[in-house]
Amino acid sequence: MKTHQDLPPAKLRPFFGFYGGKWRNAVKLYPEPDHKVLVEPFAGSAGYALRYPYRKVVLCDLDPVIAGVWNYLIKVSPKEILSIGDVPHDGSVADLGLCQEAAWLVGFWMNRGTSRPRPKPSKWMRDGIRPGSFWGERVRNTIASQVDSIRHWEIHNLSYKECPVTGPATWFIDPPYQKAGRHYTCDSAGIDFAHLGDWCQRREGQVIVCENEGATWLPFNLLADVKTTRANRRSIEVMWTNNQNEESNGGTW
């Protein structure tokens, strides 16, 4: 029987939207992973890992909601996902009678690029703008078709400081931004960026760190002017890697 390590690389679509998610730009902007183990210590919606799902993926997130949603997705059956109903435009997620983790998952689909689950449909959802971007048949089918591909993933409700990976890995580190990361439940105000910068430089393997223009806790290089997950907003992205002057070798998978 084939294991996930025998399967060819394939990308997955986002399981839920999240403010600051990197799925759209992961392939275009960031180096490919050089190691079989891929770690996102600030998991969010794991946009980078979704591009390389058959690696050994280890996620950490201090937010219990994020950790709970990933734990649910790693274990849930496609049948259960397909059984979740629609949220009426004048109703709420609570009307569906779901377990807490499933309700959080659906709540993330009530609005685009949100940092926490919403209880009711947003105006965009109620107005029928881009219906495939909100909870409904298309989203259910996508998630149900993908959950079997992440059975081997791990999620830990831990700070980056407590991440259980100790050996060489590809570290994709996307924390709440130093200046613009105040929209999260576990926001940038709670991060000691001097400590985080030192921690990043001490990781073994390939280290990729994301930030926004103006961050000072590592010697970041300008990366790109990108469209954000929020409508009509852009961000000047910067990046630090521990091989700034080398090109990615395309991975060793």
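Can you give me the ranges of the helices (runs of 4 or more DSSP H) entirely in segment 75-133 with at least 1 residues that are at pLDDT 95 or above and either under 22 Å from the mean Cα position of the chain (by Cα) or loosely packed, with under 13 Cβ neighbours inside 10 Å (or both)?
Those helices (runs of 4 or more DSSP H) span 78-83, 100-108.
With A49, A144 as the choices, which residue is touching an Asp or Glu at 6+ places or on another chain (Cβ under 6 Å) and touching a residue at least 24 places away in the same chain (Cβ under 8 Å)?
A49
Among the residues of segment 134-147, write down those that are surrounded by 15 or more Cβ atoms within 10 Å (Cβ to Cβ) and in a helix (DSSP H, G or I).
Result: V139, R140, T142, I143, A144, Q146, V147.
Return yes or no: is V39 outside the structural domain of I191 (by TED's automatic domain parsing), modelled with pLDDT of 95 or more and crowded, with 21+ Cβ neighbours inside 10 Å?
Spelling it out, it is not the case that V39 is outside the structural domain of I191 (by TED's automatic domain parsing), modelled with pLDDT of 95 or more and crowded, with 21+ Cβ neighbours inside 10 Å.
Kindly provide the set of residues from segment 197-253 that are of a type in the set (S, T, Y) and modelled with pLDDT of 95 or more, ordered by number.
T241
Of the residues T170, T166, which is of a type in the set (S, T, Y) and either crowded, with 16+ Cβ neighbours inside 10 Å or part of a helix (DSSP H, G or I) (or both)?
Residue meeting the stated conditions: T170.
Could you tell me whether any residue of segment 63-70 is surrounded by fewer than 22 Cβ atoms within 10 Å (Cβ to Cβ) and in contact with a Cys (Cβ under 7 Å, 6 or more places away or on another chain)?
yes
Quick one: would you say T114 is among the polar types (S, T, N, Q) and within 21 Å of F15 (Cβ to Cβ)?
Details: among the polar types (S, T, N, Q): yes; within 21 Å of F15 (Cβ to Cβ): yes.
Yes: the conditions hold for T114.
If you scan segment 49-71, which residues turn out to be among the small types (G, A, S) and touching a strand residue (DSSP E or B) at 6+ places or on another chain (Cβ under 6 Å)?
A49, A67
The values are calculated or read from the model by the stated rules, or taken from the named source; none is laboratory data. All values reported here derive from a predicted model rather than from experimental measurement. All Cβ positions, glycine included, derive from the backbone under ideal geometry; neighbour counts span all protein chains shown.
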